[in-house]
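The values are calculated or read from the model by the stated rules, or taken from the named source; none is laboratory data. Because the structure is predicted, anything quoted here is derived from the model rather than measured. Every residue, glycine as well, gets a Cβ built from its backbone with ideal geometry; the counts of neighbours run over all protein chains shown.
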Amino acid sequence: MGEVLFFVAGIGAVAGAIGVVAVRNPFYSVLALVSHLVCLAALFLLLRAEFVAAAQVVVYAGAVMVLYVFVVAYIGGQDEPLGPRAGRGLKLVSAVFGGLLFVELCVATLGSGLQLIDSNGTPVPDDFGSAQGIGRLLLTTYLLPFEVASFLLLIAAVGAVVLARRRGGMSSAEDQARYTAMDLLRPAYTGTMAEGVGGRRRLPAAAAAAAPAAPAAPAAPAAPAEDA
Amino acid sequence: MDIGWYLAVSALIFTIGAGGVLTRRSPLVILLCLELMLNAANLALIAFSRMHGNADGQIFAIIVMVVAACEVTIGLGIIVAMHRRRLPIDVDEMRELQG
């Protein structure tokens, strides 16, 4: 039973990996990676790593892949030609490099002379890999890496906001006629969603005052200007 | 199932990911191939953890997942910034770090 599950999950994982590389549409690449991750979670379960398998499905296949799908939809997943400029030479070189890498990895892991490699592994206690065992390890022995990982996640979140915010802005500060409490609390152009969908709110009087001065005003405030 | 089989699958997935990084040109797909390589390393870590009957390798795998999530976030932020500035989404065109 274990052998059948291993081969089904292993073949699924390798096929998903090939699908990620070979498919031309990035959207289908993401979907292939999701199937690859689910098959890999099955392999983790066979290795008695239940908590890691659950985290793999929930965090990776659930959250990170949704982020990928959003970005692919945002930049428009255009089909990419598989290297007409790169030519045949680069592909040959990369195939040779991949083969050498595979041989080297097999030598490094399978040829390491470890006696347990040809066994099913040592017998383990009942809470091996469960949420209880992992949690105890994380909060006692590995408390410092756990805290450092949380800080790393915070840095990454701040970095993503700084990288992906809108630079330059769509409306100048003079256009803003009325300030809300949030506007005073946060500096301008911090990349909020209100700025992303087209600037802050503008009063009709301010739009009318701005319209004759700036003939190249955007089309959106034209209707309030007529009312005034 | 022998632990060696898991290690062979791990090496195969890592090789496929490395080949994808070398051949593809879209940075999105390159990030996906990096995910493949990190997951292959995770599989090897967990296989060795099972082999020794010691759960420390699983902690290592969880930390690798955290680092992978951070890397994806920053990478996708860079891609969104490239798209905002009307730059081509192609790593061959992006040769310069400046501006």
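Does A:THR122 satisfy the condition of being closer than 17 Å to B:ASP2 by Cβ and at the interface with chain B (Cβ under 9 Å from one of its Cβ atoms)?
Working: closer than 17 Å to B:ASP2 by Cβ: yes; at the interface with chain B (Cβ under 9 Å from one of its Cβ atoms): yes.
Yes, satisfied.
With respect to A:ALA32, determine if the residue is closer than 21 Å to B:LEU7 by Cβ, touching a residue at least 12 places away in the same chain (Cβ under 8 Å) and of a type in the set (A, V, I, L, M). Break it down into steps so the answer makes sense when it comes.
Details: closer than 21 Å to B:LEU7 by Cβ: no; touching a residue at least 12 places away in the same chain (Cβ under 8 Å): yes; of a type in the set (A, V, I, L, M): yes.
Spelling it out, it is not the case that A:ALA32 is closer than 21 Å to B:LEU7 by Cβ, touching a residue at least 12 places away in the same chain (Cβ under 8 Å) and of a type in the set (A, V, I, L, M).
Is there a residue in the range A:150-170 that is more than 8 Å from every other protein chain (Cβ to nearest Cβ), modelled with pLDDT of 60 or more and assigned to a loop (DSSP other than H, G, I, E, B)?
Yes, because at least one residue in the range A:150-170 is more than 8 Å from every other protein chain (Cβ to nearest Cβ), modelled with pLDDT of 60 or more and assigned to a loop (DSSP other than H, G, I, E, B).
In the range A:103-112, is there at least one residue being farther than 10 Å from B:GLY4 by Cα and at pLDDT below 80?
yes
List the number of the failed condition for A:ILE18; all other conditions in (1) at the interface with chain B (Cβ under 7 Å from one of its Cβ atoms); (2) farther than 23 Å from B:GLY57 by Cβ; (3) surrounded by 19 or more Cβ atoms within 10 Å (Cβ to Cβ) hold.
(3)
Search the range A:52-63 for residues being at pLDDT 90 or above and either at the interface with chain B (Cβ under 7 Å from one of its Cβ atoms) or not in a helix (DSSP H, G or I) (or both), and hand back the single one that is surrounded by the most Cβ atoms within 10 Å (Cβ to Cβ). Step through it out loud before you land on a result.
In the first step, residues of the range A:52-63 are kept if they are at pLDDT 90 or above; the result is A:52-58.
When the remaining residues are screened for being either at the interface with chain B (Cβ under 7 Å from one of its Cβ atoms) or not in a helix (DSSP H, G or I) (or both), the result is A:52, A:55.
Working: A:VAL52: 27, A:ALA55: 21.
Looking at residues that are at pLDDT 90 or above and either at the interface with chain B (Cβ under 7 Å from one of its Cβ atoms) or not in a helix (DSSP H, G or I) (or both), I get A:VAL52.
What's the number of the only condition in (1) crowded, with 17+ Cβ neighbours inside 10 Å; (2) free of Cβ contacts under 8 Å to residues at least 40 places away in the same chain; (3) closer than 30 Å to A:THR141 by Cα that B:VAL67 fails to meet?
Checking B:VAL67 against (1) crowded, with 17+ Cβ neighbours inside 10 Å; (2) free of Cβ contacts under 8 Å to residues at least 40 places away in the same chain; (3) closer than 30 Å to A:THR141 by Cα, the one that fails is (1).
Hey, can you tell me all the residues within the range A:1-14 that are more than 10 Å from chain B (Cβ to nearest Cβ) and surrounded by 14 or more Cβ atoms within 10 Å (Cβ to Cβ)?
Within the range A:1-14, just A:GLY12 meets the criteria.
In the range B:50-62, how many residues are crowded, with 19+ Cβ neighbours inside 10 Å and within 7 Å of chain A (Cβ to nearest Cβ)?
Residues meeting the conditions: 7.
Could you check, for the range B:34-54, whether at least one of its residues is of a type outside the set (Asp, Glu), in a helix (DSSP H, G or I) and farther than 30 Å from A:LEU137 by Cα? Walk me through how you get there before you give the answer.
Filtering the range B:34-54 down to residues of a type outside the set (Asp, Glu) leaves B:34, B:36-54.
Retained after the next criterion (residues that are in a helix (DSSP H, G or I)): B:34, B:36-52.
Cutting the leftovers down to farther than 30 Å from A:LEU137 by Cα gives us none.
The answer is no, given that none of the residues of the range B:34-54 is of a type outside the set (Asp, Glu), in a helix (DSSP H, G or I) and farther than 30 Å from A:LEU137 by Cα.
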